[in-house]
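Let me begin by presenting the structure, written as structure tokens, before commenting on it.
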Amino acid sequence: MDIQGAITYIMEIIGTIAFAASGAMVGIRKKMDIFGVCVLGFVTAVGGGMVRDVILGITPPNVFRNTDYALVAVMTALIVFTVVYIKRDVMDGSFKLVYDKVMLIMDTIGLAIFTVVGVNIGIQQGYIEKIFLLTFLGTITGVGGGLMRDVMAGEPPYIFVKHIYASASVVGSVVCVYMYRFFGAVTSMIIACGVILVIRYLAAKFHWNLPHIEFNKEK
């Protein structure tokens, strides 16, 4: 494995842990059993990558050819479940703020890493000139797992209602595509990750949201 491959692999593992933890926490909050928590953690971590691979014609998807990601996702979900099972008040009362912050951090890390990984894999498949395709691949890799998680948990998809989320992934994808042309894979991925992290931090801090329509309640 070359340096670029090693860095990409490490980033994917970090992203897998982050997304699996967020999926597991949603499952716990929804009072799912340990199997449901593991499934939600697994889907959150690898769902976007599976969709990306299907679009690119990579079959079976990479998660089924390299089981490292599945194992890491399930182990992370089990650890989160165990910690909360032992210390159950972590999801209640004054710990609610901690839960929200952890979810924000995990989702942001996973979003940033999987977005740039999605773009990079598209480039490796020979689509360097297909800017729209690469942007879509980066975005779907970044937000796909979280979207599946929320649908399975019966919640309004996070990407449509919480701050600037999918939009940050789109911007990061575009940055990654253009930076790749000047700096190569590793540097472009790091820069794009930084852009997404900054956008998400500012969106959370200043409560940025895209415009939406609110209707007056009927009296």
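All of the numbers you see were taken from the coordinates with simple rules; none came from a lab. Being a predicted model, the structure only gives us computed values, none of them experimental. FYI the Cβ positions are ideal-geometry reconstructions off the backbone, even for glycines, and counts take in every protein chain you see.
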Rg/Rh over Cα atoms for the stretch 54-178, Kirkwood Rh, comes to 1.02
What is the spin-label model distance, in nm, from residue 86 to residue 101 if the labels are put 7 Å beyond Cα along the C-beta direction? 2.1 nm
If you count, for each residue, the other Cβ atoms within 10 Å and average over each peptide, how do 24-32, 67-75, 103-111 line up from highest to lowest? 103-111, 24-32, 67-75
Point-to-point label distance, residue 130-residue 78, nm (Cα→Cβ direction, 7 Å offset): 3.8 nm
Rounded to the nearest 500, what is the chain's calculated 222 nm mean residue ellipticity when only DSSP H runs of at least 4 contribute -39500 (n - 2.57) each, over all residues? -26500 deg cm²/dmol
At 7 Å along the Cα-to-beta-carbon direction for both residue 2 and residue 212, put a label point, then send me their distance in nm to one decimal. 4.4 nm
Projecting the Cα atoms of 126, 23, 6 onto the charge dipole of the chain, where Lys and Arg contribute +1 and Asp and Glu -1 at Cβ, the residue farthest towards the positive end is 23
